[in-house]
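Peer 1: Shown below is the structure under consideration.
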Amino acid sequence: MMSSRLCLGVVLLAAALVSGDAGYPRPVGYPRHIPILKDDRTHNTYGEYSFDFESGNGIARQESGSQSYGQVAQGGWRYTSPEGQQVDIVFVADQGGYQPQGSVLPVPPPLPYTRTGFGF
């Protein structure tokens, strides 16, 4: 038969393990729980859909799409970078491919113009 002190120790250890705090340190300054402020989703049988999501730490994502000679979608997301800069990305995805836009995305230099010699 176990002593009452040993039983109490086993119960406390089990409670600590079940609570989720044992063995998983959180980064300093991060909250335990980030609330979901918005989570709206719709879809129909014609292939149209939309969703709009936002969490309490400033992360947001929205998208809508439909079937129109293939899948067509548009949307974007927002978050704060590790440097503290707000990042906003918007996109269109259609027959022309995935086309993101945002100030943090790199832009390639223009290709040099070369004449083709066709006299145009």
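Peer 1: What GluC sites (Glu not before Pro) in segment 32-115 are in a loop by DSSP, with at most 12 other Cβ atoms within 10 Å of the Cβ? Walk me through the intermediate numbers first.
Peer 2: Details: sites: 48, 54, 63, 83; in loops: 48, 83.
Counting only loop positions with at most 12 other Cβ atoms within 10 Å, the GluC sites (Glu not before Pro) in segment 32-115 are 83.
Peer 1: Within segment 47-100, report the chymotrypsin sites (Phe, Trp or Tyr not before Pro) that DSSP leaves as loop and that have at most 15 other Cβ atoms within 10 Å.
Peer 2: Working: sites: 49, 51, 53, 69, 77, 79, 91, 98; in loops: 69.
In loop regions of segment 47-100 (DSSP not H, G, I, E or B), the sparsely surrounded chymotrypsin sites (Phe, Trp or Tyr not before Pro) are 69.
Peer 1: What number, in percent, do you get for the relative contact order of segment 26-120 if the mean sequence gap of Cα pairs under 8 Å and at least 6 apart is divided by its residue count? Write down the numbers at each step before the final one.
Peer 2: Numbers: 149 pairs, mean separation 13.9, N = 95.
Rounded, it is 15 percent for segment 26-120.
Peer 1: Another one. DSSP loop (so not H, G, I, E, B), at most 14 other Cβ within 10 Å: list which trypsin sites (Lys or Arg not before Pro) in segment 55-120 pass both filters.
Peer 2: On the way: sites: 61, 78, 115; in loops: 115.
Passing sites in segment 55-120 are 115.
Taken together, the values in this text are just the output of simple stated rules run on the coordinates, not laboratory data. It should be emphasised that the depicted structure is a prediction, and the values quoted were computed from it without experimental measurement. For neighbour counting, all protein chains shown are included, and Cβ atoms are generated from backbone atoms with ideal geometry for every residue, glycine included.
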